[in-house]
Amino acid sequence: MTCLRQQSAWLILLALGGLWSPARGEEPPPPAAFPAESKPTAARIVEVRKLLASKKWSEAVQEIQAVLTASGDDLVSVNAGRDIECRRLCHSLLAGLPPDALRSYRDGADPQAKKWLEQAATTRDARLLRRVVDEAFCSRPGEKAIDLLGDFAFERGDFAEAEHWQRLLLPPLSASALSYPDPKTDPARTRAKILLARLFRGAYGWADDLQAYRKNYGVAEGEIAGKKGRYADILQQVADEYNADPPTPTTDWPTFGGDAARGRTAVAPPRLLERLGALCRSPNQRQFSLRERKPLEIEPVYDRGVGALLSNRSMAFEPVVADGKVLIADARYVTAYDLRTGAAETWYDAAKLNNGANPDLKLPAPPDLRYTLTVADDRIYVRLGAQAVRDAPIMDNGKDDESLLVCLSLKPLPNGERELWTMRAMAPENKTYAVFEGAPFVHDGRLTIASTRFVNGRTLTRVTCYPADTPAIPEELWHQDICETREFADKDRRYRQHLLTLAGPYVVYCSHSGAITALDALTGKPVWAARYPSRGDKTAAGDPSPRDLAPCLFADGRLYVAPADYEYLLCLDAATGETLWQRGPLEVVHLLGVGEGRLIFTTPTGLRAVGADDGVDAWALPDGGGSLPPAGRGLLIGDLVLWPTASKGPGAFVIYAVRQRDGEQPDDPSLLTNIPAGNLVYADGCLVCADRQTLTIFTPPGMRLEEREKQSRVEPESPWAAFAAGAPRPAGEFGGAKSADAPKPPVAPEPAPLSQPPYFRSWQANLDPGEEPLRVADDMLLCGLYQPEAQARDRVKTSLALRVSGTGKIRWRTALSFQPIWADRNGGVIVAAGDGGAAGLRAEDGQIIWRYDAADALHADALGNFHLIGGRLYFMQGDRRLFALNAVNGRLLWARWAPGARLRQPYPYGRFFHVFPVNAEVLLVQTSGGRRWLLDAATGAVLHDGPTASEPWPRSPVLLPDGGVCITPDAESVLLLDPVSGRDLWTHRLPGVTTKTGEAPRVTAGAHALLMAWPLNIGWRVQQLDRTTGKPLWSDPPLINTGELDVGSWSLDADAFYGVQDRVLFARSLKDGSLLWRQMLAGPSGRWRTQQFGDALLAYPIEGKGWRLQFRWLTAALQWTGCSPPEEKPGRGYPVVCCDPKTGRVVQRLNFAVASQSVARLDPGGDDVLPMFAMEKMEERSLVHLSAQGMIVVVNGRAWGLTAAK
């Protein structure tokens, strides 16, 4: 076969009809038509070219602008087979103007473009930036808009799109390519940005690209990726950091081809073949009947006497994997197969739940029928109903031909169902029959799908875009009719559906009937369209086309297209539709993907690879003669290709693993002998295979919960039994356990309510200098120590002490390499953490079991935001990276970077703003890129990804007793998040009054009420919200006249809420917010906390006054901090007031004698320390802990234990 590089070669075939012949006895179909194509606009472009040729620059510019305004969205033919967007053509003509004419154009275009750019840069509005590029590409602001579009795409993680925009600032690669004229941007910096995008998207040959860059731009320097220096050195540094700690790859397989580009390479585990070989042993195998949708009770029976290609054409099911489930659809049902338990569950029945289609589901399915679905943002999108695409109106007595797009929730809805909405391809009032073309793709919150309708024997295809996250049937964002063909004669039908492809910023569709078109994914405007000579559905020999489901495949700026009605494989420029190369005559069955610089695909006789950039043969199998037809769609995984084949006659199938680079088999190909042939998916550590009638799932032993639980019952002393019970074990005992099996601590019983105060003191202890209370856990008082050494003032002692809560005496003290500022208990392990690290200590004697040093990480940033829940310790490092450790043995379970964090950009970029453990299974995260994540607490995988504010939430989330999470995303609203589905259950917006201060509302919740307070110029308004709907419950919400309100320090019971304002303890009714009683308190000013325990109400201060003195002396800096005792007057003591919650009557007042404290710290160096003295408010480092045994109070270096009255 010959590699034809001329872009017009296949157009010559069209022009020279004698060189192309359709199937014997058939007439060739007429050429495709494009609705956006305009001959009058093309004629105007011809006149513009005449003006340019005559050097009438002013008239030419005026006419170009007029055409751009009136007809910019039209398609204009540039040769016999390709149309291009008029807008792009106009910008190309302007870019080719001589300098003086271009300067004159910019004088007129720059002012308006500058206004758009400034507004877009301020609001970070990509649509406004696109307007600058669409309307004024060649203006000076256009250059900055292009650069910002690339930066914004990079921040979103759309690295292919980022590369697309940056390339517009470089010289064009071909005569027809568009590029910005005379850019002022340093080309070295632009190329460095392109290399960054290629690094993060895993582009092949990146190291060679960097070497070439260093050769051409080795001395170029500037700032990029948050660093200053030579670009080449910075790129190498970022690459080293990236490779040393790569991002956690996604474990799902959410759509056909793995992503909307249709050619994702699955992430390979270490020692891939060994892992697959061990995985695919019979004990790890589950098999299900695809017809009955239940486990197989007998061994599957493979069809005998069926030809290899016919067998492949009847493999109808394309599985996806998400949220620990394999999801399969047919024309009626959506079925979920649990990877852990093996349970099969029907999630949707179109006939039962929707009075919908009841198609013929017999298996094997008709040749070329394919069932696809897509999962995104905790939703499932599936095309159900009509199996065939054909020109046939719906009959009045049935719905078997109706085409449906159904949206399901990945998590059950409150009513137990999963259906969110169902959309019909044809509205009831519209008499034009239409059919959806396969499942949509979802990207950046938008759902895009193709549909085909029939008008007077013509086939018209439309692409429609909808918002993806609406709770009901969405209103379309845009639609575009893209092509018109004569695909069907009377009674002809097509089972093969045509999927869309996302190619950077473009949506691409191949009609497989003579047309390929591209639209702008954001606006739906046509970008280009190409025709090729269709031969029809049959080959030249009269056989059916062997093409499987083969949408366009996008990789590295190129589109690879294998139309079912054309015997050539095409490679097109994704931005222009220009043919880069083509190969043929060649019949393709599957386009598998691009790996190791090769485009890899199957043919009716084997597996082939050609150069992705030039189409030159790389390798072909079998290479020793004969043929190995495909038996299902294979898979690119790691550096291998898994290739299912039909071998040695009907019913005999073999899976081959070959290297993408050279097509050679690894050392031991026999490891895969147990894998059946079929459509393959590898995700979440499991291998899934769907053949003509059977679904086979191979799951690793760690996911087979039923067997593990059975083993725990049979062998109660086994490690698995210990895991189930949450018992602690020494580090390393459970070396192979997955993070999902992290031991959970026993649930502590609720404290028994006390009858009445008073309390009686039972012990008192003085803490050592520098000793601070951290937490009371069960019978343990945990304290951290920071104490300068007497012999060396530049060194300090840092340790953790455990005091017995019954006596206050020290049981043990253990030195640590960091200052502990947080501690908690997990069973028999005490976990302590601070800026410099974390450690696990045995509760019995303080022996260190494990430690984690912050300096061990790639960047030794301080640790913080510690949480211990579900047997896992979570913390952040420098707000850029989130970690999860096994609290028992300290093993790293997972780590996750914030988007863009590796670039080390200044605040606020590349940060986690909030990390909030919802429960032992889910973490709520806000990123600086304006995304709200729900993470799997066991693995760190993203369970749900949705938009949110790009500024930090002004308040921390509040967990409701029923598991919902109340979020304050901005100063104007409060919303309730369902952590299971990721949906916003309701949003409450503040009343639109003019006296608001602009400060965000505050929220607190109890078992019986949800309260919100928002500031006005005259005080704070308090309202109770309905937890189900978010609607206000009080008709006249009370106004609290105070400068600052801390609702987080309030407490609630079934009848009232309690707080302290200006040393006045109050109670207000939950019925209407009215005041029930007030009680003056003697004590310090500042914030107080109320706390209920049994039938008593406690109030105590939580804010004191502190001071800080710092100055330099010789080569060191002395910092001296202190705090005044939280007393009303010196000597009055720290107050804890016990009241009757019904009346406010003071039952008992406890006064604890305290003294001032101060700490001196000597820091070597300290060049940035300035002399100063300041008085400041500070959070009181006191600790008041209530338990069934009584109360512990720790304040200003002293501790007291009190027992309750009998």
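The numbers here are math on the coordinates, done by the rules we state, and not lab data. Keep in mind that this is a model prediction, so the values were computed, not measured. Positions of Cβ are generated from backbone atoms using ideal geometry, with glycine treated the same way; all protein chains shown enter the neighbour counts.
Tell me, what HN-Hα J-couplings in whole Hz come from the Karplus equation 6.51 cos²θ - 1.76 cosθ + 1.60 at θ = phi - 60° for each residue of region 441-455, using x for Gly and Pro?
So the Karplus estimates, Gly and Pro as x, are 10, 10, 8, 6, x, 10, 9, 10, 9, 9, 9, 10, 10, 10, 9 Hz.
Label points 7 Å out from Cα along the Cβ direction at ALA540 and ARG127: separation in nm?
Taking the simple label geometry, ALA540 and ARG127 are separated by 5.1 nm.
If I take R0 = 56 Å and measure r between the Cβ atoms of ARG1145 and ARG275 in this structure, what FRET efficiency does the formula 1/(1 + (r/R0)^6) give, to the nearest 0.05? Don't skip to the answer; put the middle values down first.
Values: r = 70 Å, r/R0 = 1.24.
Approximately 0.20, to the nearest 0.05.
Starting from the Cα-Cα distance between GLU1044 and ASP617, subtract it from 0.36 nm times their residue separation and give me the gain in nm to one decimal.
146.4 nm
Modelled label-to-label distance, GLU844 and GLU476, 7 Å Cα→beta-carbon offset: nm?
Result: 7.1 nm between the two label points.
How do LEU1052, LEU559 line up, fewest other C-beta atoms within 10 Å first? Could the numbers behind the result be given before it?
Working: LEU1052 20, LEU559 25.
With the fewest neighbours first, LEU1052, LEU559 line up as LEU1052, LEU559.
Calculate the length of the line joining the C-alpha centroid of region 113-162 to that of region 839-896, in whole Å.
41
Rounded to the nearest 0.05, what FRET efficiency is calculated for LEU296 and ALA815 with R0 set to 60 Å and r the Cβ-Cβ distance? The partial results should precede the final answer.
Details: r = 61 Å, r/R0 = 1.01.
That gives a FRET efficiency of 0.50.
What's the FRET efficiency of ASN456 with THR1029 using the Cβ-Cβ distance as r and R₀ = 51 Å, to the nearest 0.05? Kindly include the intermediate steps, with their values, before the conclusion.
Values: r = 51 Å, r/R0 = 0.99.
Working from the Cβ atoms, E equals 0.50.
What ranking of ARG881, ARG214 emerges when the number of other C-beta atoms within 10 Å of each C-beta is taken as an exposure proxy, fewest first?
The most exposed by this proxy come first: ARG214, ARG881.
Calculate, in nm to one decimal, what GLU951 and TYR907 gain on full extension: separation in residues at 0.36 nm each, minus their alpha carbon distance.
Details: separation 44, 0.36 × 44 = 15.84 nm, distance 1.12 nm.
Contour length minus the Cα-Cα distance gives 14.7 nm.
Dipole of region 9-244 (Lys/Arg Cβ +1, Asp/Glu Cβ -1, origin at the Cα centre): which of ALA203, SER54, VAL67 lies farthest to the positive side?
SER54
If you take all C-alpha pairs in region 946-1029, what percent of them are over 16 Å apart? If you can, show how the numbers build up before the last one.
On the way: 1744 of 3486 pairs.
Here the tail beyond 16 Å accounts for 50 percent of pairs.
Based on Cα positions only, what radius of gyration and what Dmax would you give for region 250-703, in angstroms?
20.7, 63
What does the net charge come to around VAL658 if you take all other residues with beta carbon closer than 12 Å to its beta carbon, with K and R at +1 and D and E at -1?
Working: positive: ARG598, ARG608, ARG659, ARG661; negative: GLU596, ASP623, ASP639, ASP662, GLU664.
Taking every other residue near VAL658 into account, the sum is -1.
Distance cut-off 31 Å, Cα to Cα: go down the list LYS411/LYS525; LYS39/LYS184; LYS55/LYS144; LYS352/LYS411; LYS50/LYS525 and report the pairs above it. Don't jump to the answer; show the numbers that get you there.
Details: LYS411/LYS525 35 Å; LYS39/LYS184 37 Å; LYS55/LYS144 29 Å; LYS352/LYS411 20 Å; LYS50/LYS525 28 Å.
The pairs that break the limit, which is 31 Å between Cα atoms, are LYS411/LYS525; LYS39/LYS184.
Along the Cα→Cβ direction, 7 angstrom out, place labels at ASN865 and ALA212. What is the inter-label distance in nm?
My value for the distance between the label points is 4.0 nm.
Using a 10 Å cut-off around each Cβ, can you sort MET703, MET423 from fewest to most neighbouring Cβ atoms? Display every interim value, and only then the final one.
Working: MET703 20, MET423 17.
Fewest-to-most ranking of MET703, MET423: MET423, MET703.
Quick check: Cα centre of region 508-535 to Cα centre of region 436-470, how many Å?
14
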